[in-house]
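**Student:** A single structure is presented below for examination.
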Amino acid sequence: MKEQHSLPLWAWALLAVLLMTQGALLFRDARARGRWHWFWGLWGMTTFPLPTVLYLMFVIFPEHRRRRKENKV
C-alpha cells in the first residue's frame, strides 16, 4: 500500500495566510465598489487564484473600461 504524503505544517500555514489575505482583499475591494462583497470574500477564502482572476475579469476590467470611455467623451 502506498504511503500518504502530507504537507508540512509550514505549507498549511502559508496556504491559510494566502487564502485569508486573498479573501480579505477581495472583500474590501468589492465592498468599496458595491459588488457582492460577501460572495467575493468567502469565495476568495476557498481557492487560489481563480476568484482573483475572475474578479479582475468581471469587476475591475469592465469598470476600468467604462471609466475610460466616460473620460474620453
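**Student:** Counting just the residues of segment 33-46 that are assigned to a loop (DSSP other than H, G, I, E, B) and touching a residue at least 24 places away in the same chain (Cβ under 8 Å), which one comes out surrounded by the most Cβ atoms within 10 Å (Cβ to Cβ)? Even if it seems obvious, please write down each step before you answer.
**Tutor:** From segment 33-46, those assigned to a loop (DSSP other than H, G, I, E, B) are 34-36, 45-46; that's our starting set.
Applying the additional criterion that residues be touching a residue at least 24 places away in the same chain (Cβ under 8 Å) yields 35, 45-46.
Working: ARG35: 16, MET45: 19, THR46: 11.
The residue in question is MET45.
**Student:** Out of all the residues in segment 47-57, which are buried (at least 17 other Cβ atoms within 10 Å of the Cβ) and either free of Cβ contacts under 8 Å to residues at least 12 places away in the same chain or under 22 Å from TRP12 (Cα atoms) (or both)?
**Tutor:** Residues of segment 47-57 that are buried (at least 17 other Cβ atoms within 10 Å of the Cβ), as a first pass: 51-52, 55.
Within segment 47-57, PRO51, THR52 meet the criteria.
**Student:** All but one of (1) touching a residue at least 12 places away in the same chain (Cβ under 8 Å); (2) open to solvent by 60 Å² or more (accessible area, probe 1.4 Å); (3) under 14 Å from the mean Cα position of the chain (by Cα) hold for LEU26, so report the exception by its number.
**Tutor:** (2)
The values are calculated or read from the model by the stated rules, or taken from the named source; none is laboratory data. None of the values given here were measured: they were computed from a predicted structure. Neighbour counts run over all protein chains shown; Cβ positions are idealised from the backbone, glycine included. Surface areas here come from the heavy atoms of the whole protein model, side chains and all, with no ligands, DNA or RNA. Shrake-Rupley method; radii C 1.70, N 1.55, O 1.52, S 1.80 Å.
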